[in-house]
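Participant: Supplied in structure tokens, the structure appears directly below.
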Amino acid sequence: TYGQMNEEFHTSRLVSTLGLSTFVLGIGMGPFWSPLAEFYGRRPIYLASFAAFIVWLIPSAMAKNIETMIIARFFQGLAGSAFLSVSGGTVGDMFTRDTMLAPMAIFALAPFVGPSTGPLIGGLINMYTNWRWTHYVLLIEAGVLLLSIALFVPETYRKCFQAPGK
């Protein structure tokens, strides 16, 4: 991936990896989603953040220069981080203390699935196509997931269902 981007954007490998660094920076700034989920509910945050994630995938796929890639990757991380900071609350909403152990273990392991399988899948995509197809595939997958969230994920935060002041 970086070799193809280096050639296309006329950058060094170090500059090409800044997109990954800014993505991680965006993820690190993501805990601001948690208080919003406490105020507006979990579902609206999931929908808004995932829609924003999709919007910021488009400039990555269509980037004409490395600056666009670096900025878009930051906002992808920021938007995508909502699931890391809000989904623990969703698990807490859905299960009691007695039944929460296995779901919380799955929640704790989930953030390791992407970084462990992503390079394998991305490598296969890049072996047979160019680096842009990594982002096209992400766009397709993210669109399907956003539709799935919209259709199948209910609001779990009970305070959203209560009258004000209660």
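The values are calculated or read from the model by the stated rules, or taken from the named source; none is laboratory data. These figures come from a predicted structure and were not determined experimentally. For neighbour counting, all protein chains shown are included, and Cβ atoms are generated from backbone atoms with ideal geometry for every residue, glycine included. Quick note on the areas: whole protein, heavy atoms, side chains included, nothing else; ligands and nucleic acids left out. Shrake-Rupley method; radii C 1.70, N 1.55, O 1.52, S 1.80 Å.
Participant: Do any residues in the stretch 116-133 that are open to solvent by less than 90 Å² (accessible area, probe 1.4 Å) have Cβ atoms under 6 Å from those of residues that are of a type in the set (F, W, Y) and at pLDDT 90 or above, where the two are at least six apart or on different chains, and which pairs are they?
Facilitator: Every condition considered, the pairs that remain are I125/W133.
Participant: Here is a further query. For the stretch 137-152, name all the residues that are out of contact with any Leu (no Cβ under 7 Å at 6 or more places or on another chain) and either open to solvent by 50 Å² or more (accessible area, probe 1.4 Å) or at pLDDT below 90 (or both).
Facilitator: Initial filter on the stretch 137-152 (out of contact with any Leu (no Cβ under 7 Å at 6 or more places or on another chain)): 137, 140-141, 143-148, 151-152.
The answer is V137, I140, E141, V144, L145, L147, L151, F152.
Participant: List every residue pair whose Cβ atoms sit under 9 Å apart, with the two residues 6 or more apart in sequence or on different chains, where the first one lies in the stretch 141-157 and is acidic (D, E) and the second, anywhere, is open to solvent by 40 Å² or more (accessible area, probe 1.4 Å).
Facilitator: E155/R43; E155/P44; E155/F161
Participant: With the condition kept exactly as written, say whether any residue in the stretch 80-99 is at pLDDT 90 or above, in a loop (DSSP other than H, G, I, E, B) and surrounded by 12 or more Cβ atoms within 10 Å (Cβ to Cβ).
Facilitator: Yes, there is a match, as at least one residue in the stretch 80-99 is at pLDDT 90 or above, in a loop (DSSP other than H, G, I, E, B) and surrounded by 12 or more Cβ atoms within 10 Å (Cβ to Cβ).
Participant: Of the numbered conditions (1) at pLDDT 90 or above; (2) open to solvent by less than 30 Å² (accessible area, probe 1.4 Å); (3) not acidic (D, E), S16 fails exactly one; give the number of that condition.
Facilitator: (1)
Participant: Just checking, which of I58, I70 is open to solvent by 70 Å² or more (accessible area, probe 1.4 Å) and β-branched (V, I, T)? Don't jump to the end; show me each part of the working.
Facilitator: Numbers: I70 fails: open to solvent by 70 Å² or more (accessible area, probe 1.4 Å).
When all the criteria are applied, what remains is I58.
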